[in-house]
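*Asks:* This is the structure I have questions about; it appears just below.
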C-alpha cells in the first residue's frame, strides 16, 4: 500500500542550537492512525505546520498527499463573520453533508449560524465535519476532542476511526489512554 505521509530524518528548530526534534522518521499508510505525544512545547503542533508546508525543515524530507486539519481551538478554525455552512461550502462539496451531520451529531441547522453562536463542542464537531467532507488522504487531528465531553469524544473518535478505510490519520494528543485505545502506533517527540 502506498504511503500517504513519508517523513525521513526530519529536523526542525527555530534556531540550530535549540532543535524541537532531530532525525524524526516515520511513514503513514491509508488505513493507519498514528498518535503523536509529547510534553507541551515539544513540537507536536509544529510538526503539523511542517506537514502542511507552513514551515520548512532544517533537514530531512517530507512527502505528503492531500490533507486537511482539525485544529485544537475550534474558534480559530472559522472566520467570525461568515456562517459555518458558507465556510464549509468554500472548501468542499456538500454532497454528503446530511450523512456526516448525523454521524458526528451536528444538527444541520447549526451550520447556518456564525461561529460565536455555537458552543466549543458544537464548533469542534463542525470543524471535524468540514475536514471529513474535504475527503483528504491524510487527516491531521490536533487534540480534536479536547472541547468535547467523554461520551461525545468516544462517538466522534469511533466515527473518525470508521473512515480509516479511505484515509490515514495523525493525531496529536496529551491523552495517553486515547492514544493507546485508537492508535496503531504512538510516536513520542
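Read-outs throughout are calculated quantities, based only on the coordinates presented, and are distinct from any laboratory measurement. Since the model is a prediction, treat every value here as computed from it, not as a measurement. Backbone-built Cβ (ideal geometry, glycine too); neighbour counts: all protein chains shown.
*Asks:* If one takes the longest principal axis of the Cα atoms in the chain, at what angle in degrees, from 0 to 90 and to the nearest 10, does the Cα axis of helix 150-161 lie?
*Replies:* 70 degrees
*Asks:* Using packing as a proxy for protection, rank 107-119, 157-169 so that the peptide with the highest average count of other Cβ atoms within 10 Å comes first.
*Replies:* Peptide ranking by packing, descending: 157-169, 107-119.
*Asks:* What does the chain give for Rg and for Dmax, in Å, if only its C-alpha atoms count?
*Replies:* Cα-based Rg and Dmax for the chain come out at 16.5, 51 Å.
*Asks:* Which order do 45, 180, 68 fall in if you start with the one that has the fewest other Cβ atoms within 10 Å?
*Replies:* Listing 45, 180, 68 from fewest to most nearby Cβ atoms yields 180, 45, 68.
*Asks:* Return the single residue from 75, 100, 14 with maximal mean-square fluctuation; model: Gaussian network over the chain, springs between Cα atoms under 10 Å.
*Replies:* In the Gaussian network model the winner is 14.
*Asks:* In the chain, what percentage of the DSSP-assigned beta bridges are antiparallel, given to the nearest 5?
*Replies:* 45 percent
*Asks:* With a 10 Å Cβ neighbour count serving as the proxy for reagent exposure, in which order, fewest first, do 6, 17, 185 appear?
*Replies:* So the ranking, lowest neighbour count to highest, is 17, 185, 6.
*Asks:* Further question: At R0 = 41 Å, how high is the FRET efficiency between residue 113 and residue 174 if r is their beta carbon distance? Nearest 0.05 is fine.
*Replies:* FRET efficiency, residue 113 to residue 174: 0.85.
*Asks:* To the nearest Å, what is the center-to-center distance of the stretch 54-106 and the stretch 131-189, using C-alpha atoms only?
*Replies:* After rounding, the separation between the Cα centres reads 14 Å.
*Asks:* Moving on to the next point. When 129, 62 are ordered from fewest to most other Cβ atoms inside 10 Å of their Cβ, what list results?
*Replies:* 62, 129
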